[in-house]
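One structure is given below, encoded as structure tokens.
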Amino acid sequence: MLVKWEGIVIRSVDYGESSKVVTLFTRENGKLGVMARGAKKTKSRLAAVSQLFSHGYFLCKAGPGAGMPDLSQGDIVDSFRDMRQALTATAYAAYIAELLDRLTHEREPNPYLFQLLLQTFRYLDEGVDPEILCRIFEVKMLIVAGISPQLSACANCGQQREPYAISVSQGGLLCPSCQPSDPYALAVTPSTWKLLRLFQVFDLERLGDIEVKPATRSQLKHVIRSFMDEHLDLRLKSRAFLEQLERMERMAQSDSD
């Protein structure tokens, strides 16, 4: 039986001498793997469509059982060429794709997540701030993982009293009265926790120009990554590379100053 899915390649792994196992995140069926036979051959019609980040329509032959479908052909809608040619944007895209891959299960339809990924890649391709796009995507994935921080009131007593700190262990904001209950609570500015709260409910397609100060950027990253490291068992190769790249860029910036 032939089936057609709209999807984005979020992982592509060599299989044997000439083939690839391609992981798609599809609009219709969520994440699924397909076999792209012969895709490593130079003249293969599957070579381009099996490349990482490719967005297109994938025609696959699915058997009667639960085996992996064979990719028959694909039509590329967008290869995100500008994103691919920018090292920083590519590094963020790889991290975003791996994070999505690790926090979703096979064949669980989620059209919202598909559209979120597609819009994120479109913005990266257009040159929109990759760091802020990544923070927004991470906050959305915290919701998917079920560890989204409580940011509308104190996570301990429910009161709305500033100034807040953020407790990773208690799952969100702590008011001044409750802060002594967590000596490791993270001190953050109002701008940081309000941006985090905005990112939770914000429709990415409505993104306009966003100016975020360096100190706020640093706090956003620290809070989000602290939640991930505390509550998720993730070892992402793409994150290690991205952090190395960020260190190199900071060093280059300090040298130029």
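The values are calculated or read from the model by the stated rules, or taken from the named source; none is laboratory data. All figures in this text were calculated on a predicted structure; none of them were measured in a lab. Using ideal geometry, Cβ is built from the backbone for each residue, glycine included, and neighbour counts are taken over all protein chains shown. SASA here: full protein model, heavy atoms, side chains in, ligands and nucleic acids out. Shrake-Rupley method; radii C 1.70, N 1.55, O 1.52, S 1.80 Å.
Here is how the numbers come out for the structure above:
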item: Helix-only CD estimate at 222 nm, as mean residue ellipticity for the chain, using -39500 (n - 2.57) per DSSP H run (n ≥ 4); result: -13000 deg cm²/dmol
item: Computed E for Lys41/Val201 - FRET, C-beta separation, R0 41 angstrom, nearest 0.05; result: 0.30
item: Accessible area (Å², per residue) of the chain, counting only protein heavy atoms and a probe of 1.4 Å; result: 52 Å²
item: Principal-axis tilt of helix 111-126 within the chain, Cα atoms, nearest 10 degrees; result: 90 degrees
item: Cα-derived Rg to Rh of region 45-160, Kirkwood definition; result: 1.07
item: Principal axis box of region 168-213, alpha-carbon based, largest edge first, Å; result: 39, 20, 15
item: Gain on full stretching of the segment that runs from Glu162 to Thr189 - 0.36 nm per residue minus C-alpha separation; result: 8.7 nm
item: Per residue Cα convex hull volume in Å³ - calculated over region 1-64; result: 79 Å³
item: Only Lys, Arg (+1) and Asp, Glu (-1) charged, at Cβ; the chain dipole about Cα centre in debye; result: 640 debye
item: Gaussian network model of the chain, Cα within-10 Å springs - most flexible of Tyr92, Tyr184, Tyr123; result: Tyr184
item: Cross-link reach list, lysines versus Lys61, counting only Cα pairs under 17 Å and skipping chain neighbours closer than eight places; result: Lys4, Lys20, Lys31
item: List Met83, Met1, Met248, ordered by accessible area with a 1.4 Å probe, largest first; result: Met1, Met248, Met83
item: Euclidean distance between Cα centres, region 1-51 to region 71-108, Å; result: 12 Å
item: Solvent-accessible area, 1.4 Å probe, carbon plus sulfur percent, for region 152-232; result: 48 percent
item: Expected-Rg normalisation [2.2 N^0.38 Å, Cα atoms] applied to region 113-160; result: 1.48
item: Charge dipole magnitude, Cβ of K and R +1, D and E -1 - region 113-172, Cα centre, debye nearest 20; result: 260 debye
item: Cα-based helix-to-principal-axis angle, 130-145 vs the chain, degrees rounded to 10; result: 90 degrees
item: Mean separation of Cα contacts under 8 Å (6+ apart) over length of the chain, as relative contact order %; result: 14 percent
item: Inverse of mean 1/r across different Cα pairs in the chain, Kirkwood, Å; result: 19.9 Å
